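Q: This is the structure I have questions about; it appears just below.
The values are calculated or read from the model by the stated rules, or taken from the named source; none is laboratory data. In this text the structure is predicted, and so the values were computed from the model without any measurement. Neighbour counts are summed over all protein chains in view; Cβ atoms, including those assigned to glycine, are modelled from backbone coordinates with ideal geometry.
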Amino acid sequence: MLEKSEMVRSYEILDYKEGSDFYFLKIRAELIDGSVLHIREFVSNEEYNYSFQWQRDSELIIRWDNAPHHKDLPTFPHHKHVGSEKNVLPSSEITLEEVLGVISSYIQNP
């Protein structure tokens, strides 16, 4: 998917592990505007954990994840951090394809 995205300039697979019933993936993708997307996914038959962190110059733009904290949110465990770690908002479960779509909208319509 990354190689077909017009938003991605280049990417590096930092870690990949696969078993009979799981995979773990960690990627750093450089985007066409110079920002970076850090991708982390763990997928198994019982579990799906994700973190998609979009940043520029080490400054957080948005991070979507489902770490099991922020139990007060209606979308728990799914949430996003916008602009800072402390600004936590509800978010639906999201895929990499959807994240790239959101980023594309931001880049094309700042």
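Q: Counting only residues that are farther than 26 Å from GLU6 by Cβ and of a type in the set (A, V, I, L, M, F, W, C), which one in region 53-101 is farthest from the chain's Cα centre (by Cα)?
A: LEU73
Q: Quick one: which strands (runs of 3 or more DSSP E) sit completely within region 1-108 and have at least 3 residues that are in contact with a strand residue (DSSP E or B) (Cβ under 9 Å, 6 or more places away or on another chain) and without any contact (Cβ under 8 Å) to a residue 12 or more places away in the chain?
A: Strands (runs of 3 or more DSSP E) meeting the threshold: 8-18.
Q: Does LYS80 satisfy the condition of being out of contact with any helix residue (DSSP H, G or I) (no Cβ under 9 Å at 6 or more places or on another chain) and modelled with pLDDT under 95?
A: No, not satisfied.
Q: Suppose we keep only residues that are more than 16 Å from the chain's Cα centre (by Cα) and surrounded by 10 or more Cβ atoms within 10 Å (Cβ to Cβ) within region 24-46. Which one would you say is nearest to ILE62 (Cα to Cα)?
A: ASP33
Q: Turning to a different aspect of this structure: So, in region 1-42, exactly how many residues are modelled with pLDDT under 95 and within 20 Å of LYS80 (Cα to Cα)?
A: 0
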